[in-house]
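J.: For reference, the structure I am asking about is given below.
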Amino acid sequence: MTGRISQRTAVSHDSFPEPRTQPTAAEYAELGRTAAKQLTALVTTAVEGLDDVAMRRPSLLPGWTRAHVVSHLARNADGLVNLLLWARTGVEHPMYASKADRDADIEEGSHRMAAILREDLVAACERFEDALSRTPAEAWDAQVALASGRQIAARTVPWLRWQEVSVHLVDLDVGVGFGDLPDGHEERLLEWVVEDFAARQDVPAVRLRVDLADGRQRDWELAGSMLGSDSPDVGGPATTVLAWLTGRGDGTGLAGDVPSLPAWI
């Protein structure tokens, strides 16, 4: 994920069913696959409406056009296919040959005609879906490494794709915000981002109180450093909180003493 910026299709809450027991690795991967497919349908529909002029307009990511975002989404799908191949065969297949190659591929793709960019994205998404379908149950526990070097279980790969598509769909700046994600996705993305921050020591200690779209309220803690009596309480609508956490908003509209956050990813 690149950059920091400012920013309902009806799908059942069954998008994220609460398992009665801890899901197996294969079940967890399948939940992520379903979630990613829902958002892939939205992003491919959004991109279908972009002609050459619209594709060259700025995205919400500094220095990137919409074409850059589309090119990145295609190359990310291919990078994750490499990780699934690694998990399936046991032979190391890095996401990208190098960061320089990744960046060059995104830049090159961003100069293509809109029709070619659309075809590239659709084809990459189909390759990713095919790779998911070919991954056997026993491979989901395999350890693979992200481009950053961080080790993850293969069962997380479908969820990484879901995360990329959910955030970059908003970054395209085509009238879709976090609040327009299908039911259940916004809350799950909040959980995901808070969990990412929880493991880091450069995150200020903050108590979060989030107003969800369905009227519920949930509390979270950002506790990269120790929470104390003087730790700020920050609250507001889920869309505004999520934009602030992901660097796609400066926290305007949130209640409380809103601290600056390090880049999410």
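J.: Residues 169, 189: which one is at pLDDT 95 or above, outside the structural domain of residue 45 (by TED's automatic domain parsing) and buried (at least 20 other Cβ atoms within 10 Å of the Cβ)? It would help to see each step written out before you state the result.
T.: Values: 169 fails: outside the structural domain of residue 45 (by TED's automatic domain parsing).
Checking each option against the conditions leaves just 189.
J.: Of all residues in region 97-133, which are in a loop (DSSP other than H, G, I, E, B) and not hydrophobic (A, V, I, L, M, F, W, C)?
T.: 98, 110, 111, 112
J.: Does at least one position in region 167-186 carry a residue that is within 13 Å of residue 259 (Cβ to Cβ) and part of a helix (DSSP H, G or I)?
T.: Going through region 167-186, the residues within 13 Å of residue 259 (Cβ to Cβ) turn out to be none.
No, there is no match, as no residue in region 167-186 is within 13 Å of residue 259 (Cβ to Cβ) and part of a helix (DSSP H, G or I).
J.: Still on this structure: Taking the options 57, 75, 33, 66, name whichever one is at pLDDT 95 or above, under 18 Å from the mean Cα position of the chain (by Cα) and within 16 Å of residue 170 (Cα to Cα). Before you say what the answer is, go through the steps one by one.
T.: Values: 57 fails: under 18 Å from the mean Cα position of the chain (by Cα); 75 fails: within 16 Å of residue 170 (Cα to Cα); 33 fails: within 16 Å of residue 170 (Cα to Cα).
Sole residue among the options that is at pLDDT 95 or above, under 18 Å from the mean Cα position of the chain (by Cα) and within 16 Å of residue 170 (Cα to Cα): 66.
J.: Right, another one. Could you list, in sequence order, the residues of region 103-139 that are within 20 Å of the chain's Cα centre (by Cα) and either over 23 Å from residue 46 (Cβ atoms) or outside the structural domain of residue 32 (by TED's automatic domain parsing) (or both)?
T.: Once the filter is applied, which keeps residues that are within 20 Å of the chain's Cα centre (by Cα) and either over 23 Å from residue 46 (Cβ atoms) or outside the structural domain of residue 32 (by TED's automatic domain parsing) (or both), region 103-139 yields 103, 131.
J.: For region 75-108, give me each residue that is of a type in the set (Gly, Ala, Ser) and farther than 15 Å from residue 152 by Cα.
T.: As a first pass, look at region 75-108 and keep what is of a type in the set (Gly, Ala, Ser): 77, 79, 87, 90, 97-98, 100, 104.
Once the filter is applied, which keeps residues that are of a type in the set (Gly, Ala, Ser) and farther than 15 Å from residue 152 by Cα, region 75-108 yields 77, 97, 98, 100, 104.
J.: Got a sec? Which of 160, 261, 227, 222 is modelled with pLDDT of 95 or more and not basic (Lys, Arg)?
T.: Details: 261 fails: modelled with pLDDT of 95 or more; 227 fails: modelled with pLDDT of 95 or more; 222 fails: modelled with pLDDT of 95 or more.
Only one candidate qualifies: 160.
J.: Would you please list the contacts, defined by Cβ atoms under 7 Å and residues six or more apart or on different chains, that run from a residue in region 243-265 that is among the polar types (S, T, N, Q) to a residue that is surrounded by 15 or more Cβ atoms within 10 Å (Cβ to Cβ) and assigned to a loop (DSSP other than H, G, I, E, B)?
T.: 246/264
J.: In addition: In region 106-114, is there at least one residue being touching a Gly at 6+ places or on another chain (Cβ under 8 Å), among the aliphatic types (A, V, I, L, M) and modelled with pLDDT of 95 or more? Working first, answer last.
T.: Start the filter on region 106-114 by keeping residues that are touching a Gly at 6+ places or on another chain (Cβ under 8 Å), which leaves none.
The answer is no, given that none of the residues of region 106-114 is touching a Gly at 6+ places or on another chain (Cβ under 8 Å), among the aliphatic types (A, V, I, L, M) and modelled with pLDDT of 95 or more.
The values are calculated or read from the model by the stated rules, or taken from the named source; none is laboratory data. Everything quoted here is computed from the prediction, not taken from an experiment. Here the Cβ is made from the backbone with ideal geometry for all residues, glycine too, and neighbour counts use every protein chain on show.
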